[in-house]
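The values are calculated or read from the model by the stated rules, or taken from the named source; none is laboratory data. All values reported here derive from a predicted model rather than from experimental measurement. Cβ atoms come from the backbone with ideal geometry, glycine included; neighbour counts cover every protein chain shown.
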Protein chains: 2
Amino acid sequence: MLKIALGQMEVIPGRPSDNFQTMLSIIQEARQHNCHMVIFPEMAIPGYLLGDTWEQPAFLRDCEYYGNKIIEASNHIIIVFGNVAVDWKKCGDDGRVRKYNAVFVAQNGQLQGADNFPYPFRIKTLLPNYREFDDTRHFFSLRKLAMERQEKLEDLLQPVTVQIDGKSCKLGCILCEDGWSDDYSISPIKLLQQNGPLNIIINISSSPYTLNKNNKRNRVFSEQARYAGVPLIYVNNVGLQNNGKTLYTFDGFSTVYNGQGDVVAYCPPFIALTQTITLDLQTKGLELPPITTPNDHDMKSIYTALRYGIEKFTAAIGIRRVVIGISGGIDSAVSAALYADILGPQNVLLVNMPSQFNSETTKGLAAELARNLGCLYTVMPIQETVDYTIKQISETPIINLADSSETKLSVSPFVTENIQARDRSSRILAGIAAAFGGGFTCNANKTETTVGYSTLYGDQSGFLAALSDLWKHQVYALAVYLNEQVFGRAVIPQRSIDIVPSAELSFEQAVDEGKGDPIIYPYHDYLFKSFMEHWHRATPEDILTWYKEGILEERIGCEPQVTKKIFATPADFINDLERWWKLYTGMAVAKRIQAPPVLAVSRRAYGFDHREAQNGPYYTAKYLAMKQELLQ
Amino acid sequence: MLKIALGQMEVIPGRPSDNFQTMLSIIQEARQHNCHMVIFPEMAIPGYLLGDTWEQPAFLRDCEYYGNKIIEASNHIIIVFGNVAVDWKKCGDDGRVRKYNAVFVAQNGQLQGADNFPYPFRIKTLLPNYREFDDTRHFFSLRKLAMERQEKLEDLLQPVTVQIDGKSCKLGCILCEDGWSDDYSISPIKLLQQNGPLNIIINISSSPYTLNKNNKRNRVFSEQARYAGVPLIYVNNVGLQNNGKTLYTFDGFSTVYNGQGDVVAYCPPFIALTQTITLDLQTKGLELPPITTPNDHDMKSIYTALRYGIEKFTAAIGIRRVVIGISGGIDSAVSAALYADILGPQNVLLVNMPSQFNSETTKGLAAELARNLGCLYTVMPIQETVDYTIKQISETPIINLADSSETKLSVSPFVTENIQARDRSSRILAGIAAAFGGGFTCNANKTETTVGYSTLYGDQSGFLAALSDLWKHQVYALAVYLNEQVFGRAVIPQRSIDIVPSAELSFEQAVDEGKGDPIIYPYHDYLFKSFMEHWHRATPEDILTWYKEGILEERIGCEPQVTKKIFATPADFINDLERWWKLYTGMAVAKRIQAPPVLAVSRRAYGFDHREAQNGPYYTAKYLAMKQELLQ
């Protein structure tokens, strides 16, 4: 019998000393439970998303230092842990010192596994370089090592043999992406098995949460355990790590599969804990009953990730109190409810900032929301300063010093709209937040963010855009979930859910007359999603092709016949398509460059996983030909 | 004799149709000059820095479409050009369709080189994944292809044979990084030569300008030509491309080396042109006299790159007029002079925005600068709105809706400083810029940007931070260069150069009393550079080690003995070090996430080439031990 502790720890990125302390106490706990082995996640000591901190030799030495202390702590217990491994005598492709993303196996103060491999640790074979992952920038893969040594990769994929109760046990040790090899021409797990039978497969990971990931992971890893016919243990960390622009929650959800591929144990997601499990390696763990794991594609899963992410991020950067501008609309209401839930209503200051364009309806809804949540609340109107600004800009003479002539500027209604938005955020909210001793939030959703339907230094501002990975329809669903499941009462007024979405920056956007945003969410949510989230990004060429073929709604996933209802003619359809494509690839890019951090929940969030350039809109030759044909 | 046209074209990123047209007219020109061959840069059709546009199948098809049209245009001329090559039947490691960064050789409507290679084009072997480069995210390398095919890399590095005047000519075709192989375990150029002698080496590149790159490139490529004993032709594009946050100028500087490694021809940098050269392949081009190339590490080189970059960027995003807030200080003065030089003074509106803290001295200097440049000029004071904002925030009651109690906020002097900065940028400049029909500039330098010595939504804002890759001492040097070399007179008042740098946001920063910034530029410029630009990033551990050993100034490159003059004790030194390290890795990261695009000139600019996470400051175990020792 093999007793294993799964160390589903919270890894603090860039904090080897803290992570070392966490690991020490987990080792202590595992020893008290008489475990044979304790398994920690990938990059347990340094953390995973560190940017170019990997280019600091002092940091690398520090990781080695704490790694060695973990190895020293392995008396009478096997410790499997992830750390950066440095070969100070060799270079990576960038000419800097060579770094491997590695798994170490220590026992009785010694590293195991040097008998059949060039190093006393194992190296990640597959380095992900898509989505938010940047492994190839920093680490040297086992594939490159094999090429350099002119050896076959399979000859380098060797198990680590340890002694357990006097018997040899062959561990197949891999790291994260090595278990997600479907798209690669090689499978590290299969190659490992070419070197004789394994007793157990260990996948240490640092794998961020995304909606629906775990359902897929269970399918993939279960198949691997079944194929190998031995138990597979997946250990993942919890916590929050970030690439600067994008914050990723790590859900843990460490799981044990038996040799038939059944899930026989898992750690609950988003909780740091140590779970022990006892496996009979003789029977491949088949003695344990299969269990089912919770689904991870519903609103509960999104809410859990958002709550966890906001809680961890505010704590990490030292924000205990927030200021939220509330308009009476849905986005700011959901934001207010979330933060009140997380930080407590006494730490949330809600501010309504009406101008002449704000209706009594929405001002009332803002007050109602604040009352329902029991937050701090204030009203600070903006009309006086907006009027002052317009007057100052339009009445101050501009002198042409080439000829001493004078002119004046004029302020258009559109310019006035943005002056209002900036007055609210940059003048009031930023000032209040500083005086209140906290940050102010950005309440933008993903639909707005896609096309830059927001004002730079205005409503786009804030220390975190917690909802900006949710499409508008998801924001509505989250509002309902908060009311029904979290608060158990309608803290977000039903009228805020029902009312037409509007920025209320002009009389053209009067909610009481049913006027509002130019975005038609039941269609544009899905159109924008096809530009941004689809694995093969859609462009106007694809959209127009699908439109022509009558399969657009099916392809982008919105309700059938939606475009027929909205657009009378192909010309209308094309005008709309080009309008948003132009914004998405134009002004919205410029805005996103200066936008706040995004909390990721979807398969693709803005920021680091949406590499973009300020290159403006482009139409392919095929699109232009199709357009011409349709307009004839 | 071989007559070749070097097509040093401006490549517009993401615009296959435009680049195709440019190439067609260059082909036409080359044919008129009876050239045997015309060579275009790497990724001449799609452009190079495109973000995830590579994930749009429609865009890839469009690149193929225009690539095929170029191939069709190769009657009686050999066309060598870069494009993305798609293998629609295979996958990359991300599971998406496989893309190669490729060089195509076309003659008489046919692609050449399929006789000894799996594809009728050649594939980039070394994909850079450091600095601003992201090749491995999108492209499949020849190294991976060799591994997949279980062939030796050298067997796949084959020349392309073409017929010139009835004779066979073997072209060694490589792409950009393939020629910069010093840090790799393999050299594509050397491996190419294992397959028999070449007649000529062609390196097509898309290589951004950075200070001192070309001096190094001439050393490296000259050595390669000498080693191979044949001429080497390097063709690079001009233009501006960007990764969103960071703008890169491409300097062209296409160069021909003869078989002895002498430079025998080059195209002037930053100019789109087609240059023809006639080489005798029998004599390896030795018949041509060696010439010298201009240096690229001086202020002239920086100025040229900045001017080119600003000109191209403003044109690309449609900005013809700019608004610049001028304080009388050096950064805004340099910014004003640069933009006046580029856009013309009639398109530059300078705005002085005094508060009670601005001195008559600096207000006078601002007016003097505007007069010297002959720009548009206005003065819009901020004191009234700043007072209004403070009053509104501190006098409006905050209601606690949990118990209906009321409180008020108080506005500290520090909060007041930031209110002023935001009032200037977000209220006035953003409003004026919109009314003026242009953008407003961010005038931050690299020193400020490093430690976030600026206000978010305040002086950090703007459509472009053109100076933010220049350390403060470089801004001063650029001021002198602009006065002496560009304008030929002191457009930037000497007093703006001599005065103490100050934000003038409080009486603590009164310039007339010699008070100003907390940054001591002669030391901190170099300290910050060691954190940020050094190839092996320095951390407090390194700095303290060097300080202890008395070699700090030498290591970071500042004047000898500077730290002795500034810091009386090790405790003072350590306090200062930790103060800035904490900002650099803390609040400044949060600010940079929302900062405007940076125009790169140095070896490392902020943005895409400085991957960073909001992880806060960290001190290694060794640093903490050393600190304790020094403080005892």
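Quick notes on this structure:
- Members of region B:344-366 found to be in a strand (DSSP E or B) and at the interface with another protein chain (Cβ under 10 Å from one of its Cβ atoms), listed by number: B:LEU349, B:LEU350, B:VAL351
- Residue check, A:SER394 at pLDDT 95 or above, outside any loop (DSSP other than H, G, I, E, B), assigned by TED's automatic domain parsing to the domain that holds A:THR314 and not charged (D, E, K, R): yes
- Every pair of residues 6+ apart whose Cβ atoms lie under 6 Å, when the first sits in region B:416-436 and is outside the structural domain of B:SER355 (by TED's automatic domain parsing) while the second is assigned to a helix (DSSP H, G or I) and of a type in the set (S, T, N, Q): none
- Pair list, Cβ under 6 Å, 6 or more apart: region A:270-284 residue assigned by TED's automatic domain parsing to the domain that holds A:CYS169 and on the phi < 0 side of the Ramachandran plot, other residue in a loop (DSSP other than H, G, I, E, B) and among the polar types (S, T, N, Q): A:LEU281/A:ASN199
- For A:ALA58: the one exception among (1) under 25 Å from A:ASN242 (Cα atoms); (2) surrounded by fewer than 17 Cβ atoms within 10 Å (Cβ to Cβ): (2)
- Region B:429-444, subset facing another protein chain (nearest Cβ under 7 Å) and crowded, with 24+ Cβ neighbours inside 10 Å, residue nearest to A:GLY462 (Cα to Cα): B:ALA430
- Count - residues of region A:393-429 that are among the aliphatic types (A, V, I, L, M) and touching a Ser or Thr at 6+ places or on another chain (Cβ under 7 Å): 6
- A:PHE221 vs. criteria assigned to a loop (DSSP other than H, G, I, E, B) and buried (at least 22 other Cβ atoms within 10 Å of the Cβ): no
- Residue list for region A:87-108, filter: under 31 Å from the mean Cα position of the chain (by Cα), away from chain B (no Cβ under 14 Å) and in contact (Cβ under 8 Å) with a residue 40 or more places away in the chain: A:TYR100, A:ASN101, A:ALA102, A:VAL103, A:VAL105
- Strands (runs of 3 or more DSSP E) wholly inside region A:109-209 containing at least 1 residues that are over 22 Å from A:GLY92 (Cβ atoms) and facing another protein chain (nearest Cβ under 10 Å): none
- The set of residues from region A:63-116 being of a type in the set (A, V, I, L, M, F, W, C) and farther than 30 Å from A:GLY166 by Cα comprises A:CYS63, A:VAL84, A:VAL86, A:TRP88, A:CYS91, A:VAL97.
- Residue list for region A:607-624, filter: facing another protein chain (nearest Cβ under 8 Å), surrounded by 21 or more Cβ atoms within 10 Å (Cβ to Cβ) and either in contact with a Phe, Trp or Tyr (Cβ under 7 Å, 6 or more places away or on another chain) or at pLDDT below 95 (or both): A:THR620
- The set of residues in region A:493-539 being more than 28 Å from the chain's Cα centre (by Cα) and within 14 Å of chain B (Cβ to nearest Cβ) consists of A:LEU505 alone.
- Hey, B:GLU287 surrounded by fewer than 24 Cβ atoms within 10 Å (Cβ to Cβ), out of contact with any Cys (no Cβ under 9 Å at 6 or more places or on another chain) and farther than 30 Å from B:LYS216 by Cα or not: no
- With respect to (1) surrounded by fewer than 24 Cβ atoms within 10 Å (Cβ to Cβ); (2) on the phi < 0 side of the Ramachandran plot, the lone exception for B:GLY196 is condition (2).
- In this structure, A:GLU508 does not satisfy being of a type in the set (Asp, Glu), assigned to a helix (DSSP H, G or I) and in contact (Cβ under 8 Å) with a residue 24 or more places away in the chain.
- Residues considered: A:ARG579, A:ARG592, A:ARG603. Of these, the only one that is crowded, with 21+ Cβ neighbours inside 10 Å and not assigned by TED's automatic domain parsing to the domain that holds A:PHE463 is A:ARG592.
Listed here are the residues, each with its yes/no results for (1) surrounded by fewer than 22 Cβ atoms within 10 Å (Cβ to Cβ); (2) of a type in the set (S, T, N, Q).
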{"residue": "B:GLN460", "(1), (2)": "no, yes"}
{"residue": "B:LEU470", "(1), (2)": "no, no"}
{"residue": "B:TYR481", "(1), (2)": "yes, no"}
{"residue": "B:GLN485", "(1), (2)": "yes, yes"}
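- Answer residue from region B:540-562, given it is crowded, with 20+ Cβ neighbours inside 10 Å and not aliphatic (A, V, I, L, M) and is farthest from the other protein chains (Cβ to nearest Cβ) among those: B:CYS558
- The sole residue among A:ILE326, A:ILE317 that is among the β-branched types (Val, Ile, Thr) and surrounded by fewer than 23 Cβ atoms within 10 Å (Cβ to Cβ) is A:ILE317.
- If you filter region B:383-414 down to residues that are over 18 Å from A:ARG424 (Cα atoms) and in contact (Cβ under 8 Å) with a residue 12 or more places away in the chain, you find that the one that is farthest from the chain's Cα centre (by Cα) is B:LYS408.
- Applying the criterion of being touching an Asp or Glu at 6+ places or on another chain (Cβ under 7 Å) and more than 9 Å from chain A (Cβ to nearest Cβ) to the residues of region B:394-423, the residue that is farthest from B:PHE531 (Cα to Cα) is B:LYS408.
- Pick from region A:71-86, criterion touching a residue at least 40 places away in the same chain (Cβ under 8 Å) and surrounded by fewer than 19 Cβ atoms within 10 Å (Cβ to Cβ), ranking: farthest from the other protein chains (Cβ to nearest Cβ): A:HIS76
- Looking at region A:241-343, the strands (runs of 3 or more DSSP E) lying wholly inside it that each contain 1 or more residues that are among the aliphatic types (A, V, I, L, M) and within 14 Å of chain B (Cβ to nearest Cβ) sit at A:246-251, A:322-325.
- For region A:252-276, the candidate set comprises residues that are of a type in the set (A, V, I, L, M) and crowded, with 18+ Cβ neighbours inside 10 Å; within that set, the residue that is farthest from the chain's Cα centre (by Cα) is A:VAL264.
- Selection within region B:367-383 - more than 7 Å from chain A (Cβ to nearest Cβ), more than 15 Å from B:GLY325 (Cβ to Cβ) and of a type outside the set (S, T, N, Q): B:GLU368
- Scanning region A:175-207 for residues that are acidic (Asp, Glu) and in contact with a helix residue (DSSP H, G or I) (Cβ under 6 Å, 6 or more places away or on another chain) returns a single hit, A:ASP178.
- So B:SER461, is it more than 22 Å from B:ILE499 (Cβ to Cβ), at the interface with chain A (Cβ under 10 Å from one of its Cβ atoms) and in contact (Cβ under 8 Å) with a residue 12 or more places away in the chain: yes
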